[in-house]
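These notes concern the structure reproduced below.
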Amino acid sequence: MPGPVLRLVELTWTEVEALPVERTVALLATGAVEAHGPHLPLGTDVIIAESMAEAAAHRLAEKDLVPLLLPEVTYSAAPFAAGFPGTISVRAETVTALLVVVADALAEWKIGTLGIANAHLDPAHLGALHEAVDTIRERGRLRVAFPDLTYKPWVHLLSEEFQSGACHAGSYEGSVVMAARADLVREEIRRKLEPNPRSLSVAIREGKKTFEEAGGDQAYFGDPAAASAEEGRRTIAILGEILEEAILAEMKT
């Protein structure tokens, strides 16, 4: 039988000290507090990243590893959504510094591997994560796996909507929240929203800097009404498999 999935904040320091460090994999979910349409909560990205980390944790436990869920990183760089009430955007360099500090702490405890589950795709945030990963690898104190979902091969494993780039608070993200935290979805609003097929990835390539400039005056892209909990459960399983695969590949190096 696989062992339990551990949460750092629920352990004592003596229990952390007793972890089998070479088999322990720390999992860090990163998201943001930002607008996700009138129908999804501001913490949508955090919910998705947490679901990804937990799904990977259960898979890793079946491999005789010891997954350790860290407290999620909630605040991040979110300039695209900065014009909407509720969004809290911090500087990208702050995010990078925070992740490096977390990695340093894990290294001090002799934990050998960190896996990052990320669902926030703002370019400033992604840049901050890649900068942190590069710094952690340069220091050489622990392994770090970060499957950037916007890159191959991961992007091709996800839904057509995700691949289109019209995937902020649409069917892709809405489905995961419906599966993980249905109580937070404003169903009456969601069902009435018209599709917004404008691609954020295309808008970014064109130099757009905000949701408004990209054509998302309600802070959503994609088709919210098409979301379903069934799709969300499938997506969570795929995300967990992606993170597991990236971690196992990193542990072989």
Taking the criterion of being assigned to a loop (DSSP other than H, G, I, E, B), at pLDDT 95 or above and on the phi > 0 side of the Ramachandran plot, would at least one residue in region 12-34 satisfy it? no
When only residues in region 79-102 that are part of a loop (DSSP other than H, G, I, E, B) and β-branched (Val, Ile, Thr) count, which is surrounded by the fewest Cβ atoms within 10 Å (Cβ to Cβ)? 90
Of the residues in region 145-172 that are outside any loop (DSSP other than H, G, I, E, B) and touching a strand residue (DSSP E or B) at 6+ places or on another chain (Cβ under 7 Å), the one that is surrounded by the most Cβ atoms within 10 Å (Cβ to Cβ) is 172
Within region 103-111, is even one residue farther than 24 Å from residue 24 by Cβ, among the hydrophobic types (A, V, I, L, M, F, W, C) and either in contact with an Asp or Glu (Cβ under 9 Å, 6 or more places away or on another chain) or assigned to a loop (DSSP other than H, G, I, E, B) (or both)? no
Output the residues belonging to region 241-253 that are part of a helix (DSSP H, G or I) and among the β-branched types (Val, Ile, Thr). 242, 247
Of (1) part of a loop (DSSP other than H, G, I, E, B); (2) at pLDDT 95 or above, residue 50 satisfies every one except (1)
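For (1) of a type in the set (D, E, K, R); (2) touching a residue at least 60 places away in the same chain (Cβ under 8 Å), each residue gets a yes or a no:
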site	(1), (2)
77	no, no
119	no, yes
124	no, no
132	no, no
143	yes, yes
Within region 119-163, restricting attention to residues that are in contact with a Gly (Cβ under 8 Å, 6 or more places away or on another chain) and charged (D, E, K, R), which residue is farthest from residue 208 (Cα to Cα)? 143
Condition (residue is buried (at least 21 other Cβ atoms within 10 Å of the Cβ) and either modelled with pLDDT under 95 or not in a helix (DSSP H, G or I) (or both)) applied to region 122-137: is it met by at least one residue? yes
Flag if residue 170 is touching a residue at least 60 places away in the same chain (Cβ under 8 Å), under 23 Å from residue 197 (Cα atoms) and not polar (S, T, N, Q): no
Kindly indicate whether residue 49 is under 11 Å from residue 27 (Cα atoms) and either free of Cβ contacts under 8 Å to residues at least 12 places away in the same chain or touching an Asp or Glu at 6+ places or on another chain (Cβ under 8 Å) (or both). yes
Pairs needed: first member in region 90-104, closer than 18 Å to residue 33 by Cβ; second member anywhere, among the aromatic types (Phe, Trp, Tyr) and modelled with pLDDT of 95 or more; C-beta distance under 6 Å; at least 6 residues apart or different chains. 90/75
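The values are calculated or read from the model by the stated rules, or taken from the named source; none is laboratory data. Since we're looking at a predicted model, the values are computed, not measured. Note that each Cβ is placed from the backbone with ideal geometry, even for glycine, and that neighbours are counted across all protein chains shown.
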